[in-house]
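Written out below as structure tokens is the structure these notes cover.
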Amino acid sequence: MSRISLRALAIGYVAVLVAAPAGAILWRALSSGLGPAWAALTSPLALHALGLTLLAVAIAVPVNAAFGLVIAILISRHPSWLTRALGAVVDLPLAFSPVVVGLVILLAYGQSGLVGSWLVQHGIQLVFAWPGIVIACAFVSLPYVAREVLPVLEEVGVDQEEAAATLGASGWSIFWRVTLPSVRVGLAYGVSLTTARVLGEIGAVTVVSGDIVGHTQPMTLLIQDQYQNFQHVAAYAGAVLLALLCLVVFAGLSLVRRGAHAR
Amino acid sequence: MAVGYLSLLVLLPLAALLSNAFTGGLATFWREITEPESLASLQLSLLMAAAVVAANAFTGLLVAFVLVRDEFPGKGILNAIIDLPLALPTVVAGLTLLSLYGPESPIGLNIAFSRWAILVALAFVTLPFSVRAVQPVLAALDPAEEETAASLGAGPLAIFRRVLLPKLVPAILAGAGLGFARALGEYGSVVLISGNLPFRTELASVRIYGLVESYDLPAAAAVSLVLLVIALVVLLGLAWLRHRIQPLRGVLA
Amino acid sequence: MSGVVVEGISKRFGSRGVLDRVSLEVPKGKLFVLLGPSGGGKSTLLRVIAGLERPDAGSIRIDGIDVTQVPARSRDIGFCFQHYAPFRHLSVFENVAFGLRLRRLPSEKIKRQVGELLDLVRLDGEAGSFPSQLSGGQLQRMALARALAVRPRVLLLDEPFGALDATVRKELRAWLRNLHERVGITTILVTHDQDEALEVADRLAVMDQGRLAQEGTPAEIYDHPANEFVFRFLGPATRFRGAWVRPHDLELRLQAGPGSVEAAVVRVIDLGFEIRVELSRADEPSFWVQLARSALPGLGLREGQVVWVSSMAATPEPVTRPQDRRAAVVS
């Protein structure tokens, strides 16, 4: 097959599958003009939903980033059967359908669940409330940071860390001054993926939140709701906003990448 | 501390799943997963995921090839667009496809509420996996081997089959594993566009949600367990296959 | 007064023995070289001295202090790696300043000291550059400056020039020797290159398969090798009349002479700085003689020509003395 035809095929595939639909949604969101779109986005319902989404990001992302880092370092620098087992557990969420994630959290922390009954006795409500949403988001986005940081750690190797040790650095100093900077691109990519995943999680959240309008609806559920209630402009506007948030995250990632490349 | 976090977050819920799936005993478990609508949904999910992954092996390779080995204006944009499905929330992905290929399609192409819709949605969300798995491997290949083959008289097709393909197989398998697991459990992008017609376009993930809504938790747990096991088996199987060709560090994928 | 004393160090990696009861003494302020083939254990020994590996048995003393249980960061050592281990996210200045920043020295002092060090290693124009912009030779000089910045008691160099190409290697070798004269820190250098070892060492230890083969000054070891391994490793060797001799200790004449034997010329190889004449005798593998360039025209050698060869070695065979692993060291 000729070069041109291969190129045309590839571009055509991506255009039809990704580019065109993306363009279409943008057009739809603004089809009634900027006014209605803006109104939809700033309604109390939408603002609450946005707040909930951002709350999930604010909690789940740093926690998963920290644990992802720790686990990647453990697997890479202190290999053992235990760390490999930890690695397997961290990868586990990849095999879960999001709906199943919601279900298992419900089963474990819901009223009749293993731990849930104990929690209810103490007045702590996790499911059908915002904590459940945050937990669900943490679960689905768990693997990304570890999986992105691990190969970078492997590639960079221990030389720099050993050099720092001979220069007098303690364990914490080595982590902060050498290890962390050396993996910052992988970390940034992992954090971006984690954030995008949390921003966009719908399956797990649907099950775990009870989808209570105005209370436990993050942006994704609101969009789905609005579309099903034929509020198309609002739905598309929300979709574009979420998409823009994700793009901002990835734009930040490019900056980190470029900064690292200059060196 | 890490162990504690992981136990609370992953292991405990997993235990809950297992206990719930088997609360009524093995017989009830079997009955629940062979219930006609549930069974149909499982079969559909499996079929769709397999089909998409098989197609992705080709399209992913094609796109990766063009990105690595071809030069043309706008290639950077193409490269960036590949990541879009990863960055986009799944429900947005579904809406995106709906807006162009659904009932209000400006080009009059309506595939909503059909199996084609499912395939397109799954192809959308799994595109990055198949391309990005192969791309770096392709980029890191030493042209020396292909040049040697050419100097020995091999034509482009032979070079592709005998020199390139064997080296790309582990990467293709890796992308396939991730894509399969993703496609098998996909919810957000398909729930709006597929119509969720039982026995026709109802995927297992949607079926599970339906069971949860009607508070039949043991049945939901049972079907979930089957889905999970299939995903794990495929992931581990592919990882084992790749390990035989080329040892790796990550465990599942 | 001792610099570094290594006593009975043994180490295994899993089932593989890497060091076997190695003992040696590095005099203070001297440049000591650990020489041996790859895999012989010398890098591991260096890392044990540094504290980057823990030995299974034995002890390490630095300036009289037992540091065997002390972690690397508290041993007051400087270490240079074969692949430089630069901090890629830091500038050259910050690389060199790393140890000083750890010790929370005031900015002014750091600036001055780093400036002096960069001058010393001739990188003063590169303070703001990043490792990715430097050549291998520059990176190793930076690594040296970085190690010296914390004023270590001992400087440890692990095949520091191994990753560089031949010309740069030779330059840096001479430069290192110079630097050592100026700075005077106890230095241990690991290499598999015997030329390098002979050129820079004050004292030399040859290691093979985890054991110490011989220790002494370069001249001592070259002229009085303890066994065949050391003889063959330290310099060019060829087999003449059943014994190993140095090719430059064989004399080639056109006529028979006292103690000489007949041989036929197989090939004459002109290497520029030396001439090698490959010769053969009946029933013996071929051997070679090294000639100075000036000697060649007078001889007018041709292939197949018959010549006469005798050995000028003081002892025609290398003597295998009853082996006492540790040569007596007079500090």
Say we look at segment C:191-241 and pick out the residues that are part of a helix (DSSP H, G or I) and among the small types (Gly, Ala, Ser); which of these is farthest from C:His180 (Cα to Cα)? C:Ala219
For segment A:94-108, which residues satisfy the criterion of being open to solvent by 10 Å² or more (accessible area, probe 1.4 Å) and either more than 8 Å from chain B (Cβ to nearest Cβ) or of a type in the set (S, T, N, Q) (or both)? none
Identify, by number, the condition in (1) assigned to a strand (DSSP E or B); (2) surrounded by fewer than 16 Cβ atoms within 10 Å (Cβ to Cβ) that C:Gly257 doesn't meet. (1)
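Would you mind finding the one in C:Val183, C:Val206, C:Val200 that is of a type outside the set (S, T, N, Q), closer than 24 Å to C:Ala149 by Cα, surrounded by 15 or more Cβ atoms within 10 Å (Cβ to Cβ) and touching a residue at least 24 places away in the same chain (Cβ under 8 Å)?
Result: C:Val200 is the single residue among C:Val183, C:Val206, C:Val200 that is of a type outside the set (S, T, N, Q), closer than 24 Å to C:Ala149 by Cα, surrounded by 15 or more Cβ atoms within 10 Å (Cβ to Cβ) and touching a residue at least 24 places away in the same chain (Cβ under 8 Å).
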Those residues of segment A:138-195 which are touching a residue at least 60 places away in the same chain (Cβ under 8 Å), open to solvent by 30 Å² or more (accessible area, probe 1.4 Å) and not in a helix (DSSP H, G or I), in sequence order: A:Val158
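One line per residue, one yes/no per condition, for (1) surrounded by fewer than 16 Cβ atoms within 10 Å (Cβ to Cβ); (2) within 9 Å of another protein chain (Cβ to nearest Cβ):
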{"position": "A:Ile4", "(1), (2)": "yes, no"}
{"position": "A:Tyr13", "(1), (2)": "no, yes"}
{"position": "A:Ala20", "(1), (2)": "no, yes"}
{"position": "A:Gly23", "(1), (2)": "yes, yes"}
{"position": "A:Ser32", "(1), (2)": "yes, no"}
The conditions are (1) assigned to a strand (DSSP E or B); (2) modelled with pLDDT of 85 or more, and C:His248 fails exactly one of them. Which is it? (1)
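For segment B:89-99, does any single residue satisfy the condition of being under 22 Å from B:Leu211 (Cα atoms), touching a Gly at 6+ places or on another chain (Cβ under 7 Å) and touching a residue at least 60 places away in the same chain (Cβ under 8 Å)?
Taking segment B:89-99 first, the residues under 22 Å from B:Leu211 (Cα atoms) are B:90-91.
Of the ones still in play, those that are also touching a Gly at 6+ places or on another chain (Cβ under 7 Å) are B:90-91.
Among the residues that remain, those that are also touching a residue at least 60 places away in the same chain (Cβ under 8 Å) are: B:90-91.
Taking every residue of segment B:89-99 in turn, at least one turns out to be under 22 Å from B:Leu211 (Cα atoms), touching a Gly at 6+ places or on another chain (Cβ under 7 Å) and touching a residue at least 60 places away in the same chain (Cβ under 8 Å).
With within 30 Å of C:Glu215 (Cα to Cα) and open to solvent by 40 Å² or more (accessible area, probe 1.4 Å) as the only criterion, which of C:Asp249, C:Asp270, C:Asp283 stands out? Explain how you work it out, then say what you get.
Numbers: C:Asp270 fails: within 30 Å of C:Glu215 (Cα to Cα); C:Asp283 fails: within 30 Å of C:Glu215 (Cα to Cα).
Only one candidate qualifies: C:Asp249.
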Would you confirm whether any residue within segment B:177-186 is open to solvent by 10 Å² or more (accessible area, probe 1.4 Å), more than 11 Å from every other protein chain (Cβ to nearest Cβ), part of a helix (DSSP H, G or I) and not β-branched (Val, Ile, Thr)? no
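Just to check your reading of the model, which residue among B:Leu67, B:Leu62, B:Leu100, B:Leu88 is modelled with pLDDT of 85 or more and either at the interface with chain A (Cβ under 7 Å from one of its Cβ atoms) or open to solvent by 20 Å² or more (accessible area, probe 1.4 Å) (or both)?
Just a single option satisfies the conditions, and that option is B:Leu62.
Restricting to segment A:225-242, give me the number of residues that are at the interface with chain B (Cβ under 7 Å from one of its Cβ atoms) and either in contact (Cβ under 8 Å) with a residue 60 or more places away in the chain or touching a Ser or Thr at 6+ places or on another chain (Cβ under 8 Å) (or both).
3
Among the candidates A:Val207, A:Val248, A:Val240, single out the residue that is in a helix (DSSP H, G or I) and over 28 Å from A:Val100 (Cα atoms). Working first, answer last.
Numbers: A:Val207 fails: over 28 Å from A:Val100 (Cα atoms); A:Val240 fails: over 28 Å from A:Val100 (Cα atoms).
Step by step, each of A:Val207, A:Val248, A:Val240 is checked, and only A:Val248 is in a helix (DSSP H, G or I) and over 28 Å from A:Val100 (Cα atoms).
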Restricting segment B:198-227 to residues that are out of contact with any Ser or Thr (no Cβ under 9 Å at 6 or more places or on another chain) and not in a helix (DSSP H, G or I), the residue that is surrounded by the fewest Cβ atoms within 10 Å (Cβ to Cβ): B:Tyr215
Filtering segment A:117-137 for residues that are over 25 Å from A:Thr195 (Cβ atoms) and part of a helix (DSSP H, G or I) leaves a count of 5
Determine if segment B:104-123 includes at least one residue that is open to solvent by 60 Å² or more (accessible area, probe 1.4 Å) and in contact (Cβ under 8 Å) with a residue 24 or more places away in the chain. yes
Looking at A:Gly210, A:Gly252 in this structure, which one is within 13 Å of chain B (Cβ to nearest Cβ), surrounded by fewer than 21 Cβ atoms within 10 Å (Cβ to Cβ), under 28 Å from A:Tyr109 (Cα atoms) and not aliphatic (A, V, I, L, M)? A:Gly210
When the residues of segment A:78-93 are filtered to those that are part of a helix (DSSP H, G or I) and open to solvent by 50 Å² or more (accessible area, probe 1.4 Å), which remaining residue is nearest to A:Leu242 (Cα to Cα)? A:Arg84
Looking at segment B:124-138, which of the residues that are out of contact with any Lys or Arg (no Cβ under 9 Å at 6 or more places or on another chain) and either more than 18 Å from B:Gly179 (Cβ to Cβ) or aliphatic (A, V, I, L, M) (or both) is most open to solvent (accessible area, probe 1.4 Å)? B:Ala133
Quick one: is B:Leu232 in contact with a helix residue (DSSP H, G or I) (Cβ under 7 Å, 6 or more places away or on another chain), more than 7 Å from chain A (Cβ to nearest Cβ), open to solvent by 10 Å² or more (accessible area, probe 1.4 Å) and not in a loop (DSSP other than H, G, I, E, B)? no
Residue that is least open to solvent (accessible area, probe 1.4 Å) [pool: residues in segment C:209-228 that are within 16 Å of the chain's Cα centre (by Cα) and free of Cβ contacts under 8 Å to residues at least 60 places away in the same chain]: C:Ile221
When you scan segment C:84-99, do you find a residue that is in contact with a strand residue (DSSP E or B) (Cβ under 6 Å, 6 or more places away or on another chain), of a type outside the set (A, V, I, L, M, F, W, C) and under 30 Å from C:Leu234 (Cβ atoms), even just one? no
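The values are calculated or read from the model by the stated rules, or taken from the named source; none is laboratory data. It should be emphasised that the depicted structure is a prediction, and the values quoted were computed from it without experimental measurement. Neighbour counts are summed over all protein chains in view; Cβ atoms, including those assigned to glycine, are modelled from backbone coordinates with ideal geometry. Surface areas here come from the heavy atoms of the whole protein model, side chains and all, with no ligands, DNA or RNA. Shrake-Rupley method; radii C 1.70, N 1.55, O 1.52, S 1.80 Å.
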